[in-house]
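The values are calculated or read from the model by the stated rules, or taken from the named source; none is laboratory data. Just so it is clear, the structure is predicted and the values come from calculations on it, not from any experiment. Quick reminder, even Gly has a Cβ in these numbers, built from the backbone with ideal geometry, and neighbours come from all protein chains shown. Heavy atoms of the whole protein, side chains included, go into the accessibility calculation; ligands, DNA and RNA do not. Shrake-Rupley method; radii C 1.70, N 1.55, O 1.52, S 1.80 Å.
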Amino acid sequence: MLDSSARLFGFHLPFALALALLAGAPLGAVPLCQTTSENAKFWGGTLMQMVSLQTGLAIDTNAKAQPKSAQHAQGSTTDSAIDSAFGAPDSSLTTFAPAIGAHIGVTYMNPEDWHELDYGWRIKYLFSYAPKVQRDSHYIGAFFYLHPFPNPYHKFAGAIQTHTDCYGNPDGYPTPFSLVLGSGVAISKNPLGSVVGGYIELGIAFFKWFPVNAEVLYRLSLYPSNHHYIETATHSINIVFNIL
């Protein structure tokens, strides 16, 4: 009798455990309370953005005009056309450079809500072209995200609270703001030649837990002194969109 009861108990134990899981019974280490915020950071912010495309616009207010001889070499026909398009040599111009690139990495290293500070890292390549000065630029580097208060607990920091989780804590969507800091190699080229330098950038990112998000960055690019009418220091504001 005991043997048959033991066999019956052993036969039904797996089914009992399965029913307990479906019913939401607490079973120690079984993770039954993953929040909306954690899902957003883990799925939308990290897994879906392991590889991302990047596009945007760089606005530079101190680009240097090229001399007329360089423009003649590119097939320009009249000095007046060159002057109106590019200005006098050494004059400063405001240029708009569309950009496209890609980056890989991990946006949230610790997506659990109990972290009050998180970070991420990425490696990127970006290409931009400024038609007004016939300059293309390549940026190869790395950047870091710093996520202060990356959970739905802090409404003062912009978190969107929509409900409570199974522990009674606020749940919803994480703080939408992150800090960005990056650096790397910059290569710029125009009809007179190319120059290799470096850059640093910093700014703010918005909604990094969503697969389509935006950033506003300030970039300082530094180049050695040259005769190619490429500034030794360029300052640009960059509006960036990251797309899955």
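Numbers for the structure displayed
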| quantity | calculated |
| --- | --- |
| Per-residue HN-Hα couplings for the range 228-243 [Karplus 6.51, -1.76, 1.60; θ = phi - 60°; Hz; x = Gly/Pro] | 9, 6, 10, 4, 6, 9, 10, 10, 9, 9, 10, 9, 10, 10, 9, 10 |
| Accessible area per residue in Å² at 1.4 Å probe, computed on the range 97-244 | 47 |
| Glu231 long-range amide H proximity, modeled H, under 5 Å | Lys64 |
| Integer Hz, Karplus 6.51/-1.76/1.60 couplings in order for the range 101-118, x for Gly and Pro | x, 8, 8, 10, x, 10, 7, 10, 6, 9, x, 5, 5, 6, 6, 8, 8, 9 |
| Peptide ranges 186-195, 218-227 listed from the most packed, as the mean C-beta count within 10 angstrom indicates | 186-195, 218-227 |
| Vicinal HN-Hα couplings computed from phi for the range 137-152 (Karplus, 6.51 cos²θ - 1.76 cosθ + 1.60; Hz; Gly/Pro x) | 10, 10, 10, 10, x, 9, 8, 10, 9, 10, 10, x, 6, x, 8, x |
| Dipole magnitude of the range 87-244 about its Cα centre (Cβ charges: Lys, Arg +1; Asp, Glu -1), debye to nearest 20 | 560 |
| Nearest-0.05 FRET efficiency for Cys166 and Phe127, computed from C-beta distance (R0 35 Å) | 0.15 |
| His235/His115 FRET efficiency (R0 35 Å; Cβ-Cβ; nearest 0.05) | 0.50 |
